[in-house]
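This report refers to the structure that appears directly beneath it.
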Amino acid sequence: MNISLKISRLTLVMFLTATCAIAGWKTGTPLPNLAKFKLDGAVPDLAGKVVLVDFWASWCGPCKTSFPSLEKLQKLYGERGLVVLAVNQDKTDKAMRTFLTDHPATFPIVRDTQNQLIAEADVSSMPASFLVDREGKIRHLHKGFHGEKTLAEYEQEIGVLLQEKNKGKP
């Protein structure tokens, strides 16, 4: 075997390994430490919480519909341990702020200015959300927002996760 063929195979193996490592978030895997990403805005303490991480953008039509539902979920379940964390993908802070003027929210919002988190999660459509249990594991994935159908799914899944006890805490 010649040296160039060996190098090509090595390059292919390295590429495939790297590609598999960033293939996106999956159910059963831990939510990564969000502090390692250069997010614009404060990420709250998520330890022991049920977390709905929602990726959105101002140009996304379904995101406009989903925001009132996310606000409803935060108000209904926030005191029981739910944190809705919205991750914005807009290129400018102004675009995000304009959206939030028309769609106010009380839950935490951060902006992924470098698209690092969005790339790691492998978000290919907006909105996309990941529901994380109290142990920090991703349990449910949602692509898109389909009105009352998606809201009912969120409520059912959140209800189950809030009833589960955190194994690491009393």
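Assorted remarks:
- Computed over region 28-91, the convex hull of the alpha-carbon atoms projects to a mean area of 5.3 nm².
- Computed over region 27-163: relative contact order in percent, which uses C-alpha pairs under 8 Å that are six or more apart: 37
- Cβ charges +1 (Lys, Arg) and -1 (Asp, Glu), total dipole of region 23-170, debye: 240
- Seen from residue 91, the other residues with C-beta closer than 14 Å to its C-beta sum to a net charge of -1, counting Lys and Arg as +1 and Asp and Glu as -1.
- Mean-position separation - Cα centroids, region 38-52 and region 59-86, in angstrom: 14
- The number of Lys pairs in region 27-163 with C-alpha atoms less than 21 Å apart, excluding pairs fewer than 8 positions apart on the same chain, is 17.
- Compared with the direct C-alpha span, the chain from residue 105 to residue 27 gains 25.4 nm at full extension, assuming 0.36 nm per residue.
- Model label zone, residue 38; criterion: amide N under 18 Å from point 7 Å along Cα-to-beta-carbon; scope region 113-128: 113-121
- Straightening the chain between residue 141 and residue 155 buys 3.7 nm, computed as 0.36 nm per residue apart minus the Cα-Cα spacing.
Read-outs throughout are calculated quantities, based only on the coordinates presented, and are distinct from any laboratory measurement. Owing to the predicted nature of the structure, the values given are computational and were not obtained by experimental measurement. Virtual Cβ from ideal backbone geometry, glycine too; neighbours counted across all protein chains shown.
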